[in-house]
Amino acid sequence: MSKRVYPTDPNNMLVQQQQQQQQQQQQQMQGGGFPPMPMQQQQQQYQHNQPPQVGQVSLAQPTGYSSYGVGQPTPPTTQMISPPPPQQQNNNTTYPPSTNNYTPTAPPPVAATPTAAAAAPTTVSTSKRQYVVDADNSAMLSNAMGNLNVNNSSNHQYPTTTTTTPSNPQPTGYPTSPTTYPVASNPMPPTTQQQQQPYGYPVASNPTMPPTPTPPTTTTVSNPTPTYPVASNPIPPTTQQQQQQPYGYPQQQQQQPVQGYQQAYPQQQQYQQPQQYQQQQQYNNIQPMPNPMQMATQPVSNVPYHQAPTPSHQYTEQVVPTPENLCPKSYMRMSMNAIPHQASTLSKIHIPLGCTIHPFANDEANPIPVISSTIVRCKRCRAYINPFISWMDGGGRWRCNVCDMINDTPQDYFSPIDLTTGKRADINTRPELVRGCAEFLATSEYTIRGPQPPSYFFVIDVCYESIVSGMLNCAIESIKASLDNMPGDSRARIGILTFDDSLHFYNLKSSFGRPKMYVVTEMDNIFVPPYEEFLVNLKESRTIIDSCLDLIKQMERKTQKVESCLGSALKAALQICQGVGGKIVVLQSYIPRGPFGKLPIREFQSVLGTKKETQLLQPQDAGDFYKDLGLACSSHHLSVDLFLFATGYVDVASLQCLPQITGGELFYFPAFIASRDGQTFAANLMHTLTRPTGWESVMRVRTSRGISTNVYHGNYFLKSSDLLSLPTVDADKSFTLQMGISDTITSKYVAIQTALLYTHSCGERRVRVLTVSVPVVHTFPELFKYADIAVVTSLISKMAIDKALASSLSDAREAIANKCVDILTAYKSTLSSGAASSSSVTLSPQTPKLLLPESLKHLPLYVVAMVKNIVFTSKATNPDIRAYFMHRMKVVDLTSCLNFFYPQFYSLLRTAQQTDQTTGEPLPSTSIVPTTLKLSSDQLSRAGIFILVNGFAIYMYVGEACPPQTVFDVFGCDFASLDPMTFQGLSIFDNEQSRYARKVIEMARANYSEYQRIILVKSNDRQLNPEFTSLLIEDRTLEGGSYYEFILQLQQRIQKN
Amino acid sequence: MYELSTTGFDYTMLLALLSSGVLLAIVVYELLLLTDLEGNDINSIEFCKKYNKFIMPEYIVQAVFTVWFLVTFRFVLFLLNAPVLYYHFQRYQTRTHKNDPTKVYSHTSKMGNHLMLKLVFYMVMFFIYLFVLLFNFFSD
């Protein structure tokens, strides 16, 4: 289940209805319910800044690959849910050549063989392409591209392909002229449709889809016969096709050298990776007809590469970024998908430039291929080879897209360039040249020592409180449960240390039969008994580890100690683990006392709400111990995961240095009680221990000249100016990079490449390379159009957290609001009068003067949400909790970050409307997708049950006027006997209402890696009810005005400026 | 105006001259460290270890002489030094005087500017001390 990407737009239902109406109108206008022209559909996909209709959607749907539409935050999954039947037909009518296999009446165009056609729909790789070009709109496109300053540089190579080339530089999601098509008038470019359009792309015109004659490979399945453009050009009516046919394609003579190359360089075959290309090979086998092109052109044997008719020093054209070749957005996502060429422009538009990097994202739709061939890198900047480099001298040399250095291609990596496509002939066996994400198996030069075994060292506080709260039991049970699923199989290592006012070491040597315990009471000078068996192989010592855990559980029952010397325990753990590296998991119940790392309790009640509050969020001086310790851990490849369970003040702000520097993770359970929080803790601990993890890793981001990397956010340590040291890295860590423009950029594209070198749990050293190429534009409207609200919001929040720590919370709140005003003012001032109506949106009829770019129309909503969020709120908040969320917000991925600011709000009751649209019968509970509601008390009723999901907890609101039968159906008891203190979760009852409620909660949980416990809020609860209503951020609350008030205020401020 | 009214060999000035020479040396050393850091020749931990060693001596020397100028009624020299003393005091007070290896990269350019300003200041002071010393020496 992929993650949901977005919070809902409050008006999403309305918008959707509107759009449906519009669409119907449009269809009527075009007569006979004919579909909008494909180009329009196309267009709308780009501009489809449809508010993320998450609620309806992504819960139920694995998020498909969304179009790369910039500023389109959510995959347009709604469409997937309900593609109206007429659309399907449209598809057939509008794409006659491509769908001729489905409509037998249409004559098969050129040599599209039936088998190939049959094979085509099965391919997934081509299905995501969305742009479609015909002769009519090519001129328009080229205009648009002119705006973009993207050259149609391909013309010199393909002189005859004039009708198709303009589509070439058309990056999906990148500019097309904004005025031609109304924004989002057709909300239905369903992904399902896309999948039915495998032929949707002009072959010759698309550099990513080379019609390589041989070896045909997966991606070429859609072009079964290598050279026939017509079959792949969906739009033009048949007459046009015929016209195009003679000149629309590369001549056969041009094919000749390619044949020659293939003769001369047969070794390309050996690079094929059979597992990955099985499908393609099957296709090869079943292709019954000889390739007409091969028959037509006799192979010219023995033509050496140097005599090839390619002019020397001729570049292949620069590869245009498209969704297919860019790194998927789940791994790396830019705040602006078009970059201004100079710093002054950037500072003028005020949109923060940056990207989020999520190297271990769980993206099942886009797995990263593992490549074992030579690692080719630029000599100068050390960038890795990627799809956006350009080839010279027929493939003999390549130009680095990061630093423009011209490099020689290594002998064993050489492959000739296919003249028809401008691509290497072996491109399909080189996934690293096809897509901007790849993982190379690193050679020994990338290692400084043998691969480290996955190692987990537990440092457990066994003080009185740990036992009383039930933490210890809970922890031991979950450790035991996860021992079988730890990464690293037979290599994993485990060690345990417990502490109160003394340290207890456990010798787990397998030959002993039972664990030996050593107690060290001397705390001033840490002494680790000189044995090496404190960190042992999990598999060899499995039984002894189990008995050791049991021992700890039984033995510590008697402890009454309240001293907790965390500092000493960590020092000892560092001594034990420093030779190995890995992870230290710390479970801590008290604020640390003891000789090392003692943290005095800071008085906070009196300073809350004042300027001094900031100091409570920063590490105190005594916390330097943890900073130094963190640095020491980081240099020994150790990361620290910290679980805090204190009842009282525990100084999260000081302790969080440890996970922050070492790339670990922080969990905080205020006033932990096992009966209430135990499940959450156990789930999180088990997740921490069993998730796929990369070890002893370093990450570096390389950028083209002119782009500077300013600040990184996340958990890391900067070893040198651009080298992030990450002792462990996993799916729950994301990094946000703030960038700037240091020089005027002269190139057409800038590249940003992330390289993460890590040790896989299986012991291989690997380099994960993520590359993004972004066009440089010179006009303001485009910059606004291609802004990405998700990353922009996340960047603003991270900058505001920095600001809060540097000055004060009120400054941070102000900075957030000012940023919004600045961006919108800049938009207003750069907007030309003509473009205003077509590309801008207003938020409310009452604020007609407040114009927003389509891409950023949710910005004010997020600003309101952020300002009222617990991270920045003016409400008096426990500094521990605030520091915890500040820490988390810097680390969590984009989805969690945005959903924390703007939580999802669902009704847990089925409504009458949720019936099958065709039959009118009520749908079974399992197939209804809940709708997200606007975060406002308008939506709330005392007669309902609602849940609010913010990624950390699920608040379940039960109204007192809710029908008793419904309450009984869902909870199995009546309203009065519901107790928030003991409520654990929904029990299973066999009725529709209960099934539906459980399904919604299950879906809400499936979207987050962090386990969310359910907090029951009864509408008559004096304590929890205000907490819940303060999460309804669109209302006026104590912390600030309502969303509507904010918009009015925004309009005023912008007009003033 | 006591500075220029002393006659004979002024030992205070001589010591001040020497101290400003030491301060200059420290600042130059810090600048060198900073360029090393920017060129990735040393890592941030090493940089901070080396750099932080010299911060307190620098502050103390500067503070001692500023106070000494006040005690010996050399008000002009005191006033010249006072802003820097205040700046150092502020840094010390807010605990920002020491470099934090985890944050050092985010303000290298700011640090460079600070160091350049300090270099100029100490150099100017050096020549003022020299002038006062020589003026007094030759004034009779």
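The values are calculated or read from the model by the stated rules, or taken from the named source; none is laboratory data. Since the model is a prediction, treat every value here as computed from it, not as a measurement. Cβ atoms come from the backbone with ideal geometry, glycine included; neighbour counts cover every protein chain shown. Heavy atoms of the whole protein, side chains included, go into the accessibility calculation; ligands, DNA and RNA do not. Shrake-Rupley method; radii C 1.70, N 1.55, O 1.52, S 1.80 Å.
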Conditions (1) open to solvent by 30 Å² or more (accessible area, probe 1.4 Å); (2) more than 30 Å from A:Glu439 (Cα to Cα): number failed by A:Phe672: (1)
Number of positions in segment A:553-594 that are within 22 Å of A:Pro487 (Cα to Cα) and open to solvent by less than 10 Å² (accessible area, probe 1.4 Å): 9
Residue match in segment A:368-375 (condition: of a type in the set (Val, Ile, Thr), in contact with a helix residue (DSSP H, G or I) (Cβ under 7 Å, 6 or more places away or on another chain), surrounded by fewer than 19 Cβ atoms within 10 Å (Cβ to Cβ) and part of a loop (DSSP other than H, G, I, E, B)): yes
Considering residues of segment B:72-101 that are closer than 30 Å to A:Ser634 by Cα and without any contact (Cβ under 8 Å) to a residue 40 or more places away in the chain only, the residue nearest to the other protein chains (Cβ to nearest Cβ): B:Arg95
Those residues of segment A:490-525 which are within 22 Å of A:Leu587 (Cβ to Cβ), within 43 Å of the chain's Cα centre (by Cα) and part of a loop (DSSP other than H, G, I, E, B), in sequence order: A:Ala492, A:Asp500, A:Leu508
Residue match in segment A:712-732 (condition: within 13 Å of chain B (Cβ to nearest Cβ), of a type in the set (S, T, N, Q), touching a residue at least 60 places away in the same chain (Cβ under 8 Å) and assigned to a loop (DSSP other than H, G, I, E, B)): yes
Flag if A:Leu658 is away from chain B (no Cβ under 14 Å), outside any strand (DSSP E or B) and within 26 Å of the chain's Cα centre (by Cα): no
Residue ID - farthest from the other protein chains (Cβ to nearest Cβ), chosen from residues in segment A:624-649 that are in contact with an Asp or Glu (Cβ under 7 Å, 6 or more places away or on another chain) and buried (at least 21 other Cβ atoms within 10 Å of the Cβ): A:Asp641
Filter result (closer than 18 Å to A:Met799 by Cα and open to solvent by 30 Å² or more (accessible area, probe 1.4 Å)) within segment A:709-737: A:Thr709, A:Asn710, A:Val711, A:Tyr716
Cβ-Cβ under 7 Å pairs, at least 6 apart or on other chains, segment A:522-538 side among the aliphatic types (A, V, I, L, M), far side part of a loop (DSSP other than H, G, I, E, B): A:Met523/A:Cys565; A:Met523/A:Gly594; A:Met523/A:Pro595; A:Leu535/A:Val580; A:Val536/A:Leu508; A:Val536/A:Lys509; A:Leu538/A:Met486; A:Leu538/A:Ala492
Residue check for A:Thr746: away from chain B (no Cβ under 13 Å), hydroxyl-bearing (Ser, Thr, Tyr) and touching an Asp or Glu at 6+ places or on another chain (Cβ under 8 Å): no
Test: residue in segment A:472-481 that is assigned to a loop (DSSP other than H, G, I, E, B) and either open to solvent by less than 10 Å² (accessible area, probe 1.4 Å) or out of contact with any Gly (no Cβ under 8 Å at 6 or more places or on another chain) (or both): no
Residues of segment A:662-674 satisfying the condition of being in a helix (DSSP H, G or I) and under 16 Å from A:Phe457 (Cα atoms): A:Thr662
Residue match in segment A:675-692 (condition: in contact (Cβ under 8 Å) with a residue 60 or more places away in the chain, farther than 30 Å from A:Pro340 by Cα, more than 21 Å from the chain's Cα centre (by Cα) and not in a helix (DSSP H, G or I)): no
Complete set of residues in segment A:405-454 that are more than 22 Å from A:Leu756 (Cα to Cα), among the acidic types (Asp, Glu) and open to solvent by 20 Å² or more (accessible area, probe 1.4 Å): A:Asp408, A:Asp412
Condition met for A:Asn386 (out of contact with any Asp or Glu (no Cβ under 8 Å at 6 or more places or on another chain), outside the structural domain of A:Asp788 (by the TED database) and polar (S, T, N, Q)): no
Test result for A:Val652, within 14 Å of chain B (Cβ to nearest Cβ) and buried (at least 22 other Cβ atoms within 10 Å of the Cβ): no
Residues satisfying the stated conditions in segment A:614-623, i.e. within 14 Å of chain B (Cβ to nearest Cβ) and outside any loop (DSSP other than H, G, I, E, B): A:Thr614, A:Gln615, A:Asp621, A:Ala622, A:Gly623
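Every residue, every condition in (1) closer than 20 Å to A:Val698 by Cα; (2) at pLDDT 90 or above; (3) among the aliphatic types (A, V, I, L, M), yes or no:
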position: A:Glu477; (1), (2), (3): no, yes, no
position: A:Asn485; (1), (2), (3): no, no, no
position: A:Ser490; (1), (2), (3): no, no, no
position: A:Ile496; (1), (2), (3): no, yes, yes
Residue pairs meeting the criteria (Cβ under 7 Å; at least 6 apart or on separate chains; first more than 9 Å from chain A (Cβ to nearest Cβ) and in contact (Cβ under 8 Å) with a residue 24 or more places away in the chain, in segment B:20-47; second outside any helix (DSSP H, G or I) and open to solvent by 40 Å² or more (accessible area, probe 1.4 Å)): B:Ile26/B:Phe54; B:Tyr29/B:Phe54; B:Glu30/B:Phe54
A:Thr703 at pLDDT 90 or above, in contact with an Asp or Glu (Cβ under 8 Å, 6 or more places away or on another chain) and away from chain B (no Cβ under 14 Å): no
Residue within segment A:637-655 that is of a type in the set (Asp, Glu) and over 24 Å from A:Val892 (Cβ atoms) present: no
Condition broken by A:Ala674, with the remaining ones in (1) under 30 Å from A:Ala804 (Cα atoms); (2) small (Gly, Ala, Ser); (3) away from chain B (no Cβ under 14 Å) satisfied: (1)
Residues of segment A:976-1014 classified as open to solvent by 20 Å² or more (accessible area, probe 1.4 Å) and over 17 Å from A:Asn899 (Cα atoms), total: 20
Single unsatisfied condition, B:Val104 versus (1) more than 14 Å from chain A (Cβ to nearest Cβ); (2) closer than 30 Å to B:Ile42 by Cα: (1)
Subset tally (residues that are open to solvent by 50 Å² or more (accessible area, probe 1.4 Å), of a type in the set (A, V, I, L, M, F, W, C) and under 30 Å from A:Gln620 (Cβ atoms)) for segment B:86-116: 1
